Amino acid sequence: MDSIRHIAHHVRPIPKSGIRDFFEVVQTMSDVISLGIGEPDFDTPWHIREAAIYSLEKGHTGYTSNLGQPALRAAIAKYVEEHFHVGYDPHTEIIVTIGVSQAIDSALRAILNPGDEVLYHEPCYVSYNPSVTLCHGVPVAVPTRAEDNFRVTAEAIAAKITPRSRALMLNFPTNPTGGTQTREELEKIAALCIRHDLVVLSDEIYSELTYDGAEHFSIAAMPGMRERTVFLHGFSKAFAMTGFRIGYACAPAPLTDAMMKIHQYGILCASTTSQEAAQEALENGAPAVASMRRKYEARRNYIVRAFNDMGLDCLKPLGAFYSFPSIKSTGLSSKEFSLQLLKSKKVAVVPGSAFGESGEGFVRASYSTSLSEIKVAMKRIAEFCKEIGAK
Ligand code: PLP
């Protein structure tokens, strides 16, 4: 039977993630050093795991309030106010989700009517484009360039605005480039959003991981923005809690209410165990985050120097845990480079094209791998570049 005809029209054309395809190949090989992963190599700090264990020991195994446990929401409100300088009411403006992934989906489903356009800067996290399509929206990429430090400008966004534009997705520090944003440019972007009545989905998942003293600003805290921003954050990256699947969205009450309907009927609530672990992370996790950040920074310094030394131009990322070197000097496409490197040297990086068209000519090499492994990987990549005669 032709079961494809049973699949919804808007779901059929969505390609599988380029990362997943590539890692299916990686999984068939042994002894690969992976710079491909998008998650911390650190175990979740012990005190956070302990909080999860205690939660189970105490028999906290039922549903929680749909919005999330009140104590966790109070902790989130305090954390967001202290770190991002924007206040949310824990009773009506915060919803605990299954990672930022679910928060993005709920936010898009809450705001989009079919055919609405959603702008996002590219290269970007692989889920943005398909998430918009899955919500019957139209994804509109705003390309950025290495020459501009992959910084999106208000001018570039303005050039893509049409009468159907409804929302803008922002992600600083950015996956996959590690790019950040200046306060001045963010202010211009905020003014643009107000002028065109855009809702902003601000994905701040890497905000704790900034380097060289780079300050993180949230657009939600800028004048006139709180009322039109869905602030998205989670525990996966800074607290090394990817498997706990826990995050949150903060937004004005009417928006939270709309997301809540979707969450209530589709999800019910986030895992109780993970919620209690998350509360511990917010209340006592700062020293562990600082320690992991220092390690990432040392690895970043090493990896960026090594890429530039071997002739692959690489900007120094100011945040997240990704480097994004240019492989244009090799004459290979990003897919060819990644596949050949994997086969000949057993090092996995992600082709830049997985992050959108403007990622072509680059690869993503994550430094969420131990420094000793990174050193071996960089030696192998340098040998590979020499062997293929990169200019
Ligand atoms: N947003 C960005 C920019 C990401 O890079 C990722 C994961 O890699 C996510 C969201 C998903 O995060 P979570 O684990 O909280 O669902």
Under a 5 Å amide H to amide H cut-off, with H placed in plane at 1.01 Å, what residues pair with GLU122 once short-range neighbours are removed? VAL142, THR144
Please give me, ordered by residue number, the trypsin sites (Lys or Arg not before Pro) of region 157-254 that lie in loop per DSSP and have at most 12 other Cβ atoms within 10 Å. none
Could you order peptides 351-364, 95-108, 298-311 by the average number of other Cβ atoms within 10 Å of their residues, highest first? 95-108, 351-364, 298-311
Relative to the chain, whose Cα atoms define the longest principal axis, helix 371-387 and its Cα axis are tilted in degrees, nearest 10, by 50 degrees
VAL86 long-range amide H proximity, modeled H, under 5 Å: GLU81
Just list whichever of LYS237/LYS345; LYS295/LYS379; LYS188/LYS237; LYS58/LYS261 have alpha carbons separated by over 25 Å in the model shown. LYS237/LYS345; LYS188/LYS237; LYS58/LYS261
Between helix 334-345 and the chain, what is the angle of the helix's C-alpha long axis to the longest principal axis, kept within 0 to 90° and rounded to the nearest 10? 60 degrees
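Taken together, the values in this text are just the output of simple stated rules run on the coordinates, not laboratory data. Being a predicted model, the structure only gives us computed values, none of them experimental. Cβ: placed from backbone, ideal geometry, glycine included. Neighbour counts: every protein chain shown.
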